[in-house]
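Peer 1: Quick one: the structure is below, questions incoming.
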Amino acid sequence: MATLPQTNKLTPSQLSTISPKIRDWCSCHGLLMKSKRNDPHDYSFHHLPVTLLPTPIPKILFDQAMQVQMDFNTVFDIITRKTSFLSENLKRSLQDDEYASKLMYVYNQVLKEGIAQPINFMLTRSDYMLDQSNSNNQLSLKQVEFNTVSVGFIGSSSVVPSLHRYVIRELGLTDDYNLERIATNNCLEPFAKGVHLAWKMYENDKAIILFVVLPDENNICDQRLFEYAIMKLDPSINVVRCTMADIEENATLGDDKTLYYKKQEVALVYYRSAYAPYCYPSQKEWDALLLAERSRSIKVPNIASHLAGVKKIQQVLSTPGVLESLLPDKSSVERIRATFTGLYSLEGDQGKESIAMAIKNPENFVLKPPREGGGNNLFGEEIRTFLSSSSNDDEKSAYILMDRIFPPAVDNCIITTNNSIQGTEKVISELGIYGVLISRGPNEVISNCACGYLLRTKSISQNEGGVGIGAAGLDSVYLV
Ligand code: ADP
Ligand code: MG
Ligand code: MG
């Protein structure tokens with residue numbers, strides 16, 4: 001990797017002067033998150049965690065990630081429409097997982113009634129780490145996961161390159177960094193264009209868009225930046241924010257399966273909720289999901305593409321022959337397969353072998369339940385304890401085992417809300433590429449593109465690093 005100025009060469013005085021500047025810059029550009037307070041009238045915000053400087057990423061790997069996004073979008077669109085594929089691969093493995101079974105129930109109900117809306121609109125993000133474990137010491141791009149539901153940070157992420165250009169100038173590092181190598185991040189506009197296009201395809205210019213959010217949402221600015229980008233494209237679009245419980249209380253279905261929210265026709269339901277058990281505190285939320293799914297509104301995602309993003313599917317896709325059976329284009333199959341690291345099923349006899357392998361060397365693996373939203377995976381000794389216990393036997397088939405990726409560590413600072421910069425640390429990064437896909441049937445793809453990125457950087461000592469909890473910072477890509 002290129003030699004960039006080490007953050008540990010920056011003087012304490014440089015570091016202490018830059019942190020209030022970063023705080024102000026973030027505040028003025030919407031890199032903010034609502035503070036969690038007990039007082040509901042206290043509407044205060046703090047800045048999102050960010051890295052001090054951008055992270056070097058080889059251009060060839062960045063380009064590879066952008067290119068393969070369209071292939072991933074294609075294969076997930078195909079899976080979404082292949083009911084037999086989803087049912088066969090998820091039914092048995094998810095049957096002992098209460099949450100995943102409930103998602104399957106919604107899916108089966110919709111299939112029974114018939115799918116009312118043929119348009120599949122996916123806002124996706126494929127996440128990668130750079131792996132340095134191969135013998136020739138070269139970095140390779142390895143997929144962590146593919147997200148199809150509640151893909152976040154499109155708004156916030158698009159702003160980070162400008163922050164880093166500003167910081168580099170303020171620190172007097174313009175001789176060390178070529179500012180043009182900081183990859184611009186135009187993720188917001190293509191996402192907004194996708195929403196606009198789908199909304200037009202619904203063909204009712206009075207119909208509204210629902211942004212379905214959590215009741216105590218704190219990542220508001222990220223979502224609002226997206227909303228404002230949509231309104232900038234077409235000020236006549238009416239975006240309404242609501243919770244899943246609000247839908248249950250205020251939405252109805254017409255005879256032709258039109259969804260109405262407070263009597264207004266709904267063209268599109270965009271979920272920034274619905275992705276984890278805590279998004280369903282009561283039956284109301286499940287009823288809301290089912291109601292919206294049964295309707296002819298366009299859902300982002302619909303229940304099929306939501307389920308296609310379950311981690312079990314990622315493991316199934318990596319099994320020899322599966323990608324080939326889904327995708328006619330051989331080079332597309334190769335591009336996708338090149339990003340896979342070892343993924344193992346815990347079902348049947350093969351599962352027994354995987355379990356033995358993980359118990360022997362748990363530090364080389366990550367164990368993943370069918371969950372989204374961070375903080376659910378098991379690492380190291382936790383894997384051994386979980387897999388050694390027979391009391392978890394029923395749950396195990398819903399989990400997948402994955403080779404642990406060990407990305408190269410670099411020096412950087414993660415600047416969290418309340419702390420001035422404490423000093424530099426060894427950090428590792430995860431690169432996400434955003435994608436948009438709109439299709440109207442198996443043979444009619446209307447839009448398929450890769451559109452910008454999310455780079456999250458965390459201390460090497462963290463197994464998982466959530467931006468929301470301050471364990472990872474938003475970052476930008478420095479192409480080397
Ligand atoms: P989620 O849907 O909850 O985000 P992920 O599969 O992305 O689930 O896992 C959460 C985090 O765990 C990732 O952001 C990454 O930090 C870490 N992680 C996941 N898989 C791996 C892996 N194979 N190697 C190293 N770290 C991983
Ligand atoms: Mg995920
Ligand atoms: Mg993830």
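The values are calculated or read from the model by the stated rules, or taken from the named source; none is laboratory data. A quick note: this is a predicted structure, and the numbers were derived from the prediction, not measured. Quick reminder, even Gly has a Cβ in these numbers, built from the backbone with ideal geometry, and neighbours come from all protein chains shown.
Peer 1: Does the stretch 312-337 hold any residues that are within 14 Å of ligand 2 (Cβ to nearest atom) and either surrounded by fewer than 22 Cβ atoms within 10 Å (Cβ to Cβ) or small (Gly, Ala, Ser) (or both), and which are they?
Peer 2: Hit for the stretch 312-337 is 314, nothing else.
Peer 1: Sort through 414, 355 and tell me the only one that's more than 16 Å from ligand 3 (Cβ to nearest atom) and modelled with pLDDT under 95.
Peer 2: Values: 355 fails: modelled with pLDDT under 95.
Step by step, each of 414, 355 is checked, and only 414 is more than 16 Å from ligand 3 (Cβ to nearest atom) and modelled with pLDDT under 95.
Residues are listed down the side, and each one gets a yes or a no for (1) free of Cβ contacts under 8 Å to residues at least 24 places away in the same chain; (2) over 20 Å from residue 463 (Cβ atoms):
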{"site": "123", "(1), (2)": "no, yes"}
{"site": "129", "(1), (2)": "no, no"}
{"site": "136", "(1), (2)": "yes, yes"}
{"site": "143", "(1), (2)": "no, no"}
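Peer 1: Looking at (1) away from ligand 2 (no atom under 16 Å from the Cβ); (2) farther than 17 Å from residue 130 by Cα, which one does residue 466 not meet, given that it meets all the others?
Peer 2: (1)
Peer 1: Here's another thing I want to ask about it. Restricting attention to the stretch 81-114, which residues are among the small types (Gly, Ala, Ser), free of Cβ contacts under 8 Å to residues at least 12 places away in the same chain and farther than 17 Å from residue 305 by Cβ?
Peer 2: 101, 114
Peer 1: Something else about it: Among the residues in the stretch 105-127, are any within 16 Å of ligand 3 (Cβ to nearest atom) and among the acidic types (Asp, Glu)?
Peer 2: Checked against the condition, which is being within 16 Å of ligand 3 (Cβ to nearest atom) and among the acidic types (Asp, Glu), the stretch 105-127 yields at least one hit.
Peer 1: Restricting attention to the stretch 358-376, and to residues there that are of a type outside the set (A, V, I, L, M) and surrounded by fewer than 18 Cβ atoms within 10 Å (Cβ to Cβ), which single residue is nearest to ligand 3 (Cβ to nearest atom)?
Peer 2: Of all residues in the stretch 358-376, those of a type outside the set (A, V, I, L, M) come to 360-365, 368-376.
Now drop any that are not surrounded by fewer than 18 Cβ atoms within 10 Å (Cβ to Cβ), which leaves 360-361, 363-364, 373-376.
Working: 360: 26, 361: 23, 363: 20, 364: 20, 373: 8, 374: 6, 375: 10, 376: 10 Å.
So the residue we want is 374.
Peer 1: What about residue 393, is it without any contact (Cβ under 8 Å) to a residue 12 or more places away in the chain and not in a loop (DSSP other than H, G, I, E, B)? Before you say what the answer is, go through the steps one by one.
Peer 2: Numbers: without any contact (Cβ under 8 Å) to a residue 12 or more places away in the chain: yes; not in a loop (DSSP other than H, G, I, E, B): yes.
Considered against the rule, which asks whether it is without any contact (Cβ under 8 Å) to a residue 12 or more places away in the chain and not in a loop (DSSP other than H, G, I, E, B), residue 393 comes out as yes.
Peer 1: Okay, next question. Scanning the stretch 111-126 for residues that are surrounded by fewer than 19 Cβ atoms within 10 Å (Cβ to Cβ) and on the phi < 0 side of the Ramachandran plot, which turns out nearest to the chain's Cα centre (by Cα)?
Peer 2: Step one: filter the stretch 111-126 for residues surrounded by fewer than 19 Cβ atoms within 10 Å (Cβ to Cβ), giving 111-116, 118.
Filter again for on the phi < 0 side of the Ramachandran plot, leaving 111-113, 115-116, 118.
Numbers: 111: 26, 112: 30, 113: 30, 115: 26, 116: 27, 118: 24 Å.
The selected residue is 118.
Peer 1: Scan 454, 437 and give me the residue that is in contact with an Asp or Glu (Cβ under 7 Å, 6 or more places away or on another chain), crowded, with 24+ Cβ neighbours inside 10 Å and among the hydrophobic types (A, V, I, L, M, F, W, C).
Peer 2: Details: 454 fails: in contact with an Asp or Glu (Cβ under 7 Å, 6 or more places away or on another chain).
Result: 437 is the single residue among 454, 437 that is in contact with an Asp or Glu (Cβ under 7 Å, 6 or more places away or on another chain), crowded, with 24+ Cβ neighbours inside 10 Å and among the hydrophobic types (A, V, I, L, M, F, W, C).
Table: residues versus (1) more than 16 Å from ligand 2 (Cβ to nearest atom); (2) β-branched (Val, Ile, Thr); (3) touching a helix residue (DSSP H, G or I) at 6+ places or on another chain (Cβ under 8 Å).
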| residue | (1), (2), (3) |
| --- | --- |
| 136 | yes, no, no |
| 140 | yes, no, yes |
| 153 | no, no, yes |
| 188 | yes, no, yes |
| 210 | yes, no, yes |
| 215 | yes, no, yes |
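Peer 1: I've got another one for you. Just give me the residues in the stretch 351-363 being touching a helix residue (DSSP H, G or I) at 6+ places or on another chain (Cβ under 8 Å) and within 15 Å of ligand 1 (Cβ to nearest atom), in sequence order. Give the derivation first.
Peer 2: Of the stretch 351-363, the ones touching a helix residue (DSSP H, G or I) at 6+ places or on another chain (Cβ under 8 Å) are 351, 355, 358-359, 362.
358, 362 - these are the residues of the stretch 351-363 that are touching a helix residue (DSSP H, G or I) at 6+ places or on another chain (Cβ under 8 Å) and within 15 Å of ligand 1 (Cβ to nearest atom).
Peer 1: Can you tell me which of (1) assigned to a helix (DSSP H, G or I); (2) touching a residue at least 24 places away in the same chain (Cβ under 8 Å); (3) of a type in the set (S, T, N, Q) is the one residue 385 doesn't meet?
Peer 2: If we test residue 385 against (1) assigned to a helix (DSSP H, G or I); (2) touching a residue at least 24 places away in the same chain (Cβ under 8 Å); (3) of a type in the set (S, T, N, Q), just (2) comes out false.
Peer 1: If you don't mind, there's one more thing I want to ask. Please state which of the following conditions residue 219 fails to meet, knowing it meets all the rest: (1) more than 26 Å from residue 439 (Cβ to Cβ); (2) away from ligand 3 (no atom under 16 Å from the Cβ); (3) surrounded by fewer than 23 Cβ atoms within 10 Å (Cβ to Cβ).
Peer 2: Of everything listed in (1) more than 26 Å from residue 439 (Cβ to Cβ); (2) away from ligand 3 (no atom under 16 Å from the Cβ); (3) surrounded by fewer than 23 Cβ atoms within 10 Å (Cβ to Cβ), residue 219 misses just condition (2).
Peer 1: Restricting to the stretch 30-39, give me the number of residues that are more than 19 Å from residue 53 (Cα to Cα) and in a loop (DSSP other than H, G, I, E, B). Lay out the reasoning, then the answer.
Peer 2: Taking the stretch 30-39 as the starting set, the residues that turn out to be more than 19 Å from residue 53 (Cα to Cα) are 33-39.
This time we only want the ones that are in a loop (DSSP other than H, G, I, E, B), so: 35-39.
Matching residues across the stretch 30-39 total 5.
Peer 1: Out of 27, 84, 93, 16, which single residue is closer than 19 Å to residue 468 by Cα, assigned to a helix (DSSP H, G or I) and not β-branched (Val, Ile, Thr)?
Peer 2: Working: 84 fails: closer than 19 Å to residue 468 by Cα; 93 fails: closer than 19 Å to residue 468 by Cα; 16 fails: closer than 19 Å to residue 468 by Cα.
Going through 27, 84, 93, 16 in turn, just one is closer than 19 Å to residue 468 by Cα, assigned to a helix (DSSP H, G or I) and not β-branched (Val, Ile, Thr): 27.
Peer 1: Could you say which residue among 237, 220, 208 is out of contact with any His (no Cβ under 6 Å at 6 or more places or on another chain) and more than 21 Å from residue 285 (Cβ to Cβ)? Explain how you work it out, then say what you get.
Peer 2: Values: 220 fails: more than 21 Å from residue 285 (Cβ to Cβ); 208 fails: more than 21 Å from residue 285 (Cβ to Cβ).
On inspection, the qualifying residue turns out to be 237.
Peer 1: Here's something else I'd like to know. Looking at (1) buried (at least 18 other Cβ atoms within 10 Å of the Cβ); (2) under 30 Å from residue 425 (Cα atoms); (3) within 14 Å of ligand 1 (Cβ to nearest atom), which one does residue 408 not meet, given that it meets all the others?
Peer 2: Of everything listed in (1) buried (at least 18 other Cβ atoms within 10 Å of the Cβ); (2) under 30 Å from residue 425 (Cα atoms); (3) within 14 Å of ligand 1 (Cβ to nearest atom), residue 408 misses just condition (1).
Peer 1: Where residues in the stretch 77-110 are surrounded by fewer than 17 Cβ atoms within 10 Å (Cβ to Cβ) and of a type in the set (Asp, Glu), which of them is nearest to residue 202 (Cα to Cα)?
Peer 2: If we take residues in the stretch 77-110 being surrounded by fewer than 17 Cβ atoms within 10 Å (Cβ to Cβ) and of a type in the set (Asp, Glu), then 88 is nearest to residue 202 (Cα to Cα).
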